[in-house]
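The values are calculated or read from the model by the stated rules, or taken from the named source; none is laboratory data. Fair warning: this is a prediction, and the values are worked out from it, not measured in the lab. For neighbour counting, all protein chains shown are included, and Cβ atoms are generated from backbone atoms with ideal geometry for every residue, glycine included.
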Amino acid sequence: MVHDAVGKIAELKRALLDDDDEAARRQRGKGKLTARERIALLLDEGSFQEVEGLRRARHAGLGRADHRPLSDGVVTGWGTVHGRTVFVYAQDFRILGGAVGEAHAEKIHKVMDLAVEAGAPLVSLNDSAGARIHEGVTALAGFGGIFRRNAKASGVIPQISVMLGPCAGGAAYSPALTDFTFMVRGISQMFLTGPDVVAAVTGERVTMDELGGADVHNRLSGVAHFAYDDERSCLEDVRLLLSMLPANNRERPPALPSADPVDRRAEALDHLVPADGNRPYDMRAVIEEVVDDGFVLEVQEGWATNVICAFARLGGQVVGVVANQPSVLAGALDIAASEKAARFVQTCDCFNIPIVTFVDVPGFLPGVNQEHDGIIRHGAKLLAAYCNATVPRLSVIVRKAYGGAYIVMDSRSIGADLVLAWPGNEIAVMGPEAAVDIIFRRDIAAANGDREAVRRQKIDLYRAELMHSAYAAERGLVDDVIEPADTRRVLIRGLEMLRTKHADLPLRKHGNTPL
């Protein structure tokens with residue numbers, strides 16, 4: 001009898017692993033992999049351990065007869081990525097369209113709870129038709145349980161959402177609550193109301209991709225962080241990102257030995273940045289020259305491109321890099337850039353990743369729309385993120401830093417641990433031309449003869465008195481003025497010094513961030 005039971009279980013498990021049925025062929029025909037193929041690409045070979053594989057729904061639901069397939073449309077379990085434990089769930093579109101019902105949701109709840117208890121990252125591979133209508137409100141309650149766990153795990157373990165199919169309605173809120181969202185062009189879509197509803201309500205005709213495809217969310221909305229042309233390259237970069245994150249908020253990110261010398265002089269920096277503050281350049285080239293082996297993993301590369309957010313390594317240690325991008329809007333901060341950088345700073349602080357900020361900012365972007373859309377409130381998000389961050393914070397003023405944007409970009413006054421500046425730095429309330437037009441407007445108006453010559457003279461005076469390279473350093477707002485070529489060496493030394501940094505926080509439930 002025991003032998004028969006063992007045989008029956010083995011038969012059921014073999015059926016679970018069958019990825020060659022008609023539904024699987026339809027999935028591949030759309031250019032999509034199956035749930036188990038995706039898990040195999042994500043995890044180290046042979047490391048996956050499934051849980052609740054034999055789970056079925058308690059009842060089929062209205063109009064479903066007795067159709068209660070094994071797994072209930074989601075594969076759950078754990079394995080390893082680069083030898084470190086990672087929990088995963090993969091919705092199986094072959095089974096009931098991957099729709100979320102009671103049993104489906106409870107399997108996800110189980111693996112989410114295990115991830116928090118074990119202190120290990122959670123990766124969701126999303127490919128679902130949404131809530132299982134046949135089961136009624138219990139399907140919606142299942143989503144609620146996922147969202148609640150997403151919120152409770154936030155800042156405790158890394159949560160990564162990989163969109164590999166449709167994600168409509170309330171289901172889109174789970175990816176929005178996680179730390180990083182990956183999408184694949186042509187097969188991933190996210191939206192709250194689909195094209196048919198949009199057309200009925202507004203008259204606008206759009207396709208699913210035009211409404212919520214990968215490029216939409218990586219370039220326009222900022223909802224997603226990464227976009228790829230195929231699933232394999234997407235999952236490769238999920239593995240890469242996991243290699244740069246700690247398992248949980250009590251650990252440091254994994255360090256790797258680096259062949260790039262710690263004391264390497266970055267001589268190219270001497271000519272990458274134009275001395276003329278009005279001339280643009282690509283800040284990526286500066287970052288790549290400083291970090292280990294020139295490698296950066298940029299986050300939200302296509303959205304709010306006037307600020308750069310990226311993971312990199314310095315001396316083998318993972319750092320988060322935030323930098324103004326002078327080649328876009330002169331590097332000015334606007335609403336989108338403020339939100340992007342704020343979220344990234346907060347993420348780094350959650351997971352013990354030091355923050356290195358490269359500053360070349362003329363101020364906040366002026367404009368009626370910016371003011372009316374709340375640049376004050378949105379800019380305050382970045383200010384709050386930096387002020388609340390307790391990880392090591394190092395700042396490099398590359399060229400100019402004006403006004404409130406100077407303060408917000410991790411200045412000494414809001415808590416940066418180490419502030420460096422390059423020769424030729426200009427730190428001031430505003431640019432010299434605008435400042436002179438305010439301070440000396442009467443002198444210029446009263447000048448006899450060439451008023452422009454008088455104005456230029458006052459500009460030179462302003463630069464000499466209030467904007468010379470050592471001005472901020474003389475007042476203790478810059479720790480050192482260094483040669484650009486020494487930036488890498490000084491940053492790595494600073495990170496080593498700050499390795500044991502500890503911050504005592506006031507007792508509170510949480511701050512009231514200006515959302």
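How about the range 269-320: which of its residues are in a strand (DSSP E or B) and in contact with a Leu (Cβ under 9 Å, 6 or more places away or on another chain)?
Taking the range 269-320 first, the residues in a strand (DSSP E or B) are 296-298, 307-314, 317-320.
Of everything in the range 269-320, those that are in a strand (DSSP E or B) and in contact with a Leu (Cβ under 9 Å, 6 or more places away or on another chain) turn out to be L297, V307, A310, F311, A312, R313, L314, Q317, V318, V319.
Exactly one condition in (1) outside the structural domain of A405 (by TED's automatic domain parsing); (2) in contact (Cβ under 8 Å) with a residue 24 or more places away in the chain is not met by A472; state its number.
Tallying (1) outside the structural domain of A405 (by TED's automatic domain parsing); (2) in contact (Cβ under 8 Å) with a residue 24 or more places away in the chain, A472 fails exactly one: (1).
Identify, by number, the condition in (1) in contact with a Leu (Cβ under 7 Å, 6 or more places away or on another chain); (2) under 24 Å from P254 (Cα atoms); (3) in a strand (DSSP E or B) that A115 doesn't meet.
Failed condition: (3).
Looking at D410, D437, D373, D417 in this structure, which one is over 26 Å from P280 (Cβ atoms) and of a type outside the set (V, I, T)? Talk me through it step by step, then tell me what you get.
Numbers: D410 fails: over 26 Å from P280 (Cβ atoms); D437 fails: over 26 Å from P280 (Cβ atoms); D373 fails: over 26 Å from P280 (Cβ atoms).
Of D410, D437, D373, D417, the one residue that is over 26 Å from P280 (Cβ atoms) and of a type outside the set (V, I, T) is D417.
Select from the range 236-249 the residues that are part of a helix (DSSP H, G or I) and either touching a strand residue (DSSP E or B) at 6+ places or on another chain (Cβ under 7 Å) or basic (K, R) (or both) and list them in ascending order.
Kept after step one, since they are part of a helix (DSSP H, G or I), are these residues of the range 236-249: 236-242.
Within the range 236-249, D237, V238, R239, L240, L241, L242 meet the criteria.
List every residue pair whose Cβ atoms lie under 8 Å apart, where the two residues are 6 or more positions apart in sequence or sit on different chains, the first residue falls within the range 125-149 and is touching a residue at least 12 places away in the same chain (Cβ under 8 Å), and the second residue, located anywhere, is charged (D, E, K, R) and assigned to a loop (DSSP other than H, G, I, E, B).
D127/K32; D127/D92; H134/R64; A139/R132
In the range 225-235, how many residues are closer than 17 Å to D44 by Cβ and in contact with a strand residue (DSSP E or B) (Cβ under 9 Å, 6 or more places away or on another chain)?
Within the range 225-235, residues that are closer than 17 Å to D44 by Cβ and in contact with a strand residue (DSSP E or B) (Cβ under 9 Å, 6 or more places away or on another chain) number 1.
Residue under question is P354, and the condition is that it be of a type outside the set (D, E), at negative phi and touching a Leu at 6+ places or on another chain (Cβ under 7 Å); does it hold?
Working: of a type outside the set (D, E): yes; at negative phi: yes; touching a Leu at 6+ places or on another chain (Cβ under 7 Å): yes.
When the stated conditions are applied, P354 passes them.
Are there any pairs with C-beta distances below 9 angstrom linking a residue in the range 403-422 that is at positive phi and modelled with pLDDT under 95 to a residue that is of a type outside the set (K, R) and surrounded by fewer than 22 Cβ atoms within 10 Å (Cβ to Cβ), with the two at least 6 apart or on different chains, and if so which?
Every condition considered, the pairs that remain are G403/G363; G403/A428; G403/V429; G403/M430; G403/G431.
Taking the range 110-124 only, how many residues are of a type in the set (V, I, T) and in contact (Cβ under 8 Å) with a residue 60 or more places away in the chain?
Pass one, the range 110-124, residues of a type in the set (V, I, T): 111, 116, 123.
From the residues that got through so far, the ones that are in contact (Cβ under 8 Å) with a residue 60 or more places away in the chain too are 111, 123.
Going through the range 110-124 one residue at a time, the tally reaches 2.
Just wondering, is there one or more residues in the range 430-443 that are within 31 Å of the chain's Cα centre (by Cα) and closer than 30 Å to G415 by Cβ? Reasoning before the result, please.
Applying the first criterion (within 31 Å of the chain's Cα centre (by Cα)) to the range 430-443 yields 430.
Retained after the next criterion (residues that are closer than 30 Å to G415 by Cβ): 430.
Yes: the range 430-443 contains one or more residues that are within 31 Å of the chain's Cα centre (by Cα) and closer than 30 Å to G415 by Cβ.
Condition check: over 29 Å from Q346 (Cβ atoms) and of a type in the set (V, I, T). Does I438 satisfy that? Reasoning before the result, please.
Working: over 29 Å from Q346 (Cβ atoms): yes; of a type in the set (V, I, T): yes.
Judged against the criteria, I438 is a match.
Just to verify a result, which residue in the range 482-515, among those that are surrounded by 17 or more Cβ atoms within 10 Å (Cβ to Cβ) and among the β-branched types (V, I, T), is farthest from the chain's Cα centre (by Cα)?
Residue satisfying both the conditions and the ranking: I482.
Out of the residues in the range 454-481 that are hydrophobic (A, V, I, L, M, F, W, C) and in a helix (DSSP H, G or I), state the one that is surrounded by the fewest Cβ atoms within 10 Å (Cβ to Cβ).
Going through the range 454-481, the residues hydrophobic (A, V, I, L, M, F, W, C) turn out to be 454, 459, 461, 464, 466-467, 470, 472-473, 477-478, 481.
Still in the list and also in a helix (DSSP H, G or I): 454, 459, 461, 464, 466, 472-473.
Working: V454: 18, I459: 18, L461: 14, A464: 10, L466: 16, A472: 25, A473: 18.
Ranking the qualifying residues of the range 454-481, first place goes to A464.
Kindly state which helices (runs of 4 or more DSSP H) lie completely within the range 1-48 and contain at least 2 residues that are modelled with pLDDT of 70 or more. First the steps, then the outcome.
Values: elements: 2-16, 22-29, 35-42.
It comes to 22-29, 35-42.
Considering only residues of the range 98-129 that are among the small types (G, A, S) and modelled with pLDDT of 95 or more, which is nearest to M190 (Cα to Cα)? Walk me through it before giving the result.
Narrowing the range 98-129 to residues among the small types (G, A, S): 98-99, 101, 103, 105, 115, 118-120, 124, 128-129.
If we keep only those that are modelled with pLDDT of 95 or more as well, we get 115, 118-120, 124.
Values: A115: 25, A118: 30, G119: 29, A120: 26, S124: 15 Å.
Per the stated criteria, the residue is S124.
So for the range 276-299 (the condition being surrounded by fewer than 21 Cβ atoms within 10 Å (Cβ to Cβ), in the same structural domain as Y406 (by TED's automatic domain parsing), more than 26 Å from G494 (Cα to Cα) and of a type in the set (S, T, N, Q)), does at least one residue qualify?
Scanning the range 276-299, I find at least one residue that is surrounded by fewer than 21 Cβ atoms within 10 Å (Cβ to Cβ), in the same structural domain as Y406 (by TED's automatic domain parsing), more than 26 Å from G494 (Cα to Cα) and of a type in the set (S, T, N, Q), so the answer is yes.
Can you pull out every residue in the range 170-198 that is surrounded by 23 or more Cβ atoms within 10 Å (Cβ to Cβ) and assigned to a strand (DSSP E or B)?
Correct list: T181, F182, M183, V184, Q189, M190.
Quick one: which residue in A435, A342, A428, A380 is farther than 21 Å from V328 by Cβ and touching a residue at least 40 places away in the same chain (Cβ under 8 Å)? Quick ask: steps written out before the conclusion?
Numbers: A435 fails: touching a residue at least 40 places away in the same chain (Cβ under 8 Å); A342 fails: farther than 21 Å from V328 by Cβ; A428 fails: touching a residue at least 40 places away in the same chain (Cβ under 8 Å).
Of A435, A342, A428, A380, the one residue that is farther than 21 Å from V328 by Cβ and touching a residue at least 40 places away in the same chain (Cβ under 8 Å) is A380.
Would you check which residues across the range 221-235 are among the small types (G, A, S) and assigned to a helix (DSSP H, G or I) and list them? Give the derivation first.
Our first condition is that a residue be among the small types (G, A, S); within the range 221-235, this holds for 221-222, 224, 227, 233.
Hit for the range 221-235 is S233, nothing else.
For the list (1) farther than 30 Å from N249 by Cβ; (2) touching a strand residue (DSSP E or B) at 6+ places or on another chain (Cβ under 8 Å), I need the number of the one condition that V184 fails.
Failing condition for V184: (1).
Would you pick out the residues in the range 435-486 that are among the acidic types (D, E) and closer than 30 Å to A416 by Cα?
Answer for the range 435-486, where residues must be among the acidic types (D, E) and closer than 30 Å to A416 by Cα: E465, E474, D479, D480, E483, D486.
Among the listed residues R508, R455, R488, R493, which satisfies the condition of being in contact with a helix residue (DSSP H, G or I) (Cβ under 6 Å, 6 or more places away or on another chain), at pLDDT 85 or above and under 23 Å from D349 (Cα atoms)?
Numbers: R508 fails: in contact with a helix residue (DSSP H, G or I) (Cβ under 6 Å, 6 or more places away or on another chain); R455 fails: under 23 Å from D349 (Cα atoms); R493 fails: in contact with a helix residue (DSSP H, G or I) (Cβ under 6 Å, 6 or more places away or on another chain).
After ruling out the rest, the residue left standing is R488.
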